[in-house]
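Every number in this text was worked out from the coordinates using simple rules, so none of it is lab data. Because the structure is a prediction, the values reported are computed rather than measured. When we count neighbours, we look across all protein chains shown, and the Cβ atoms used for this are built from the backbone with ideal geometry, even at glycine.
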Amino acid sequence: MNGPKLIFQLPFGINITETVFLSWCIIVAVALLLLYLTHDMEKVPTKKRQVIAEWIVETMNNLVKENMGEKFMGFAPYIAGLFTYSILGSLIGLIGLRPVTADINTTATWAVTTALMVQIVKVRTSGFGGYLKGFAEPVAAITPLNIISEFSTPVSMAFRHFGNIAAGMVISSLIYMGLASLSAAIHLPIPLLQVGLPAILSLYFDIFSGFMQAYIFCMLTMVFISSAAE
Amino acid sequence: MELARAIILGASAIGAGLAMIAGIGPGIGQGYAAGKASEAVGRQPEASGDIMRTMLIGCAVAESTGIYGFVVAIILLFINPLIGML
């Protein structure tokens, strides 16, 4: 296992790595797909693609409404975007590309965005004075702990998503290497033992883990934001 | 110098293995959460959606410590900051 490869370098030392490139590919692909799905919509849908588009929007809206309530419907696009990006970012591992979410920079960006939203919602609900006072609850002596917990939330969110996908990558590559050397040990001309077992593991690590982590990341985002408003 | 490097690499590999002992805790915790969730579903099948959601979030939070251990192991194996200290 290696880190993401450097593809090329822009001026001012901006590195375009595999992760950045694949992220942009995903963004462009999703944008084109959505443009296609929402192309010339009608009031009463007759085309299949409009039905699909409406189903996606409705599912995401219901998820947000169930977990955050009617008040926070403005967060639905953010949650939907996060969910799509996270799932596709993990699923591209299936076609042999490096999963975007196996790079700490991607997940850390999402976690920091969520943490900023939580702080903004807190300031909005209780005002700036009330926000500062919230750190000294329930007693003033506990303020440092409250500040640390504010920082540890995004860190643990970022590490959780990154760790799950990266662990899957490490374990599959270890198994691939092990099966290759096992096939070499029994003098097979091609590493025939690599057929089969990695596919089953990939079902768990790429598909199940990818969906699970996307779901959990979105759930935690919704829970943190809606609990910040109390 | 070569010997020192070899010792550091070997010790880092052992350290990475030891760091992954952290995986025991989340395993026990998640199993306990899943068991309790099954009990709750058995007692109140109509609330299975809510129970499932709560359990998943609880499992995800319980997993953090294991993930921290894994990150330490990855750092020791692939980025190894200790070699730079030679």
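Here are the numbers for the structure shown:
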read-out: Gaussian network model of chain A, springs between alpha carbon atoms under 10 Å - residue of A:Leu22, A:Leu182, A:Leu82 with greatest fluctuation; value: A:Leu182
read-out: Positive dipole terminus of the protein assembly as shown, leading residue within A:Asn164, A:Val100, B:Ala33 (C-beta point charges); value: A:Val100
read-out: Charge sum, other residues only, whose C-beta stays under 14 Å from A:Ser86's C-beta, Lys/Arg counted +1 and Asp/Glu -1; value: -1
read-out: A:Thr17 long-range amide H proximity, modeled H, under 5 Å; value: A:Ile7
read-out: 16 Å Cα-Cα reach of A:Lys71 towards aspartates and glutamates, excluding residues that sit fewer than 8 places from it in its own chain; value: A:Glu230
read-out: Sum of -39500 (n - 2.57) over DSSP H runs of 4+, divided by residues of the protein assembly as shown (222 nm, nearest 500); value: -24500 deg cm²/dmol
read-out: More than 22 angstrom apart: percent of Cα pairs within chain A; value: 64 percent
read-out: Karplus-derived HN-Hα couplings along the range A:183-191 (A = 6.51, B = -1.76, C = 1.60, θ = phi - 60°), whole Hz, x at Gly and Pro; value: 5, 5, 5, 9, 6, 7, x, 10, x
read-out: Computed over chain A: relative contact order in percent, which uses C-alpha pairs under 8 Å that are six or more apart; value: 24 percent
read-out: Choice from A:Lys48, A:Lys71, A:Lys133 showing the highest fluctuation, given a GNM over chain A with Cα pairs closer than 10 Å; value: A:Lys48
read-out: Förster radius 35 Å - calculated FRET efficiency between A:Phe128 and A:Ala199, Cβ distance, rounded to 0.05; value: 0.05
read-out: For the range A:59-175: rounded, prolate or oblate by the Cα gyration tensor [a/c cutoff 1.5]; value: oblate
read-out: Derived scalar couplings ³J(HN,Hα) [the range A:137-151; Karplus, 6.51 cos²θ - 1.76 cosθ + 1.60; whole Hz; x for Gly, Pro]; value: 8, x, 10, 5, 5, 8, 3, x, 5, 4, 5, 4, 5, 4, 7
read-out: Size of electric dipole in the protein assembly as shown: Cβ of Lys, Arg +1 and of Asp, Glu -1, about Cα centre, debye, nearest 20; value: 180 debye
read-out: Computed E for A:Tyr36/B:Leu82 - FRET, C-beta separation, R0 45 angstrom, nearest 0.05; value: 0.30
read-out: GNM result for chain A, Cα springs below 10 Å: residue of A:Gly69, A:Gly93, A:Gly81 fluctuating most strongly; value: A:Gly69
read-out: Estimated FRET transfer efficiency (B:Ala11, A:Gln9; beta-carbon r; R0 30 Å; 0.05); value: 0.25
read-out: ³J(HN,Hα) computed for each position of the range B:26-38 - Karplus, 6.51 cos²θ - 1.76 cosθ + 1.60, integer Hz, glycine/proline x; value: x, x, 4, x, 5, x, 4, 4, 5, x, 5, 5, 5
read-out: Which of A:Ala115, A:Ser23, A:Ser227, positive extreme of dipole for chain A (C-beta unit charges); value: A:Ser23
read-out: Cα centroid separation, the range A:175-230 to the range B:7-57 (Å); value: 17 Å
read-out: At 0.890 mPa s and 25 °C, Stokes D of the range B:2-85 from Kirkwood alpha-carbon radius, µm² per second; value: 164 µm²/s
read-out: Average Cα contact separation per residue, chain B, under 8 Å, 6 or more apart, as relative contact order %; value: 51 percent
read-out: Computed label-point distance, nm, for sites A:Glu66 and A:Ile142 using a 7 Å Cα→Cβ extension; value: 3.2 nm
